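Structure, as structure tokens:
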Amino acid sequence: MTALRRSAFGAGAAVLTFALAACGGQSDQPSADQGQAPPPLAPAPAPPMQQGMTTASDVFGPGCAQVPTDPANPGSVQGMIDDPVGTAASNNPLLTKLTAAVKSAGLVDTLNKSDAQYTVFAPADPAFDAIPPEQLQAMLTDPAQKEALTSTLTYHVVPQRMTADDLARAGSVDTVQGGQVKIEGSGDQLKVNGAGVLCGNVPTANATVFVVDQVLMPAK
């Protein structure tokens, strides 16, 4: 009789154990209520670059060797990336004559607007040699020539940021002056109204710059 009671008790305990296991599920892992740490969050994706923006690694062209670089970061464009384009141009030894023209026309503040986005075709110093010296001097110093100087300079500015690839796809772009600039070729063979690109895709704080080997003259 005693053995029978023991057998019945053992069977009942086995049934109870099975029922508890069924209610608790099959996992031995502690639940969130038991203090389990939540899974780690995936890193947030990097914000996408704005249209037309470039980095130092995108810069190309034979004239880039003359652009100042950061000794701690070879290939970077020191003195241009962090500054707005009006100031950045003054830091580039290729653009001293353009800088003088921009100052003479009173366009530095316009080019330095923090809320503006530009593409700038910046003639290198030798490009100005094609303009007769007396004509260039008059444009820079004669108040009566200021309108012509402003028209010429703003013909070099597009009111949006564009990369070399963007320009090649566009084929032509409207300028701040109101005229259009024709784009031909692509990559290292990019041409802007026939002018070659000495150093392209140069990033500044508010513009993408293309140093070109000619002064672009708007149609009269």
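The values are calculated or read from the model by the stated rules, or taken from the named source; none is laboratory data. Predicted model only: the values in this text are computed from it and were never measured. Glycine also receives a Cβ, built like all others from the backbone with ideal geometry; neighbour counts cover every protein chain displayed. Heads up: the accessible areas ignore ligands, DNA and RNA and are worked out on the full protein's heavy atoms, side chains in. Shrake-Rupley method; radii C 1.70, N 1.55, O 1.52, S 1.80 Å.
Side notes on the structure shown:
- Of all accessible heavy-atom area on segment 74-220, the percent that carbon and sulfur account for (1.4 Å): 51 percent
- Of all lysines in the structure, the ones whose alpha carbon falls short of 27 Å from that of Lys146, not counting any fewer than 8 places away in one chain, are Lys97, Lys103, Lys113, Lys182, Lys220.
- Across segment 97-220, C-alpha contacts under 8 Å between residues 6 or more apart give a mean separation that, scaled by the residue count, equals a relative contact order of 30 percent.
- Per residue accessible area in Å² of segment 103-204, where ligands, DNA and RNA are left out and the probe is 1.4 Å: 48 Å²
- Spin-label pair Asp125/Glu184, simplified geometry with 7 Å Cα→Cβ offset, distance in nm: 3.0 nm
- Legend: calculated FRET efficiency, Met53 to Ala144, from the Cβ-Cβ distance at R0 = 30 Å, rounded to 0.05, equals 0.15.
- Quotient of Cα Rg and 2.2 N^0.38 Å for segment 69-220, N being how many residues it contains: 0.99
- Segment 122-198 shape via C-alpha gyration tensor axes, a/c threshold 1.5: oblate
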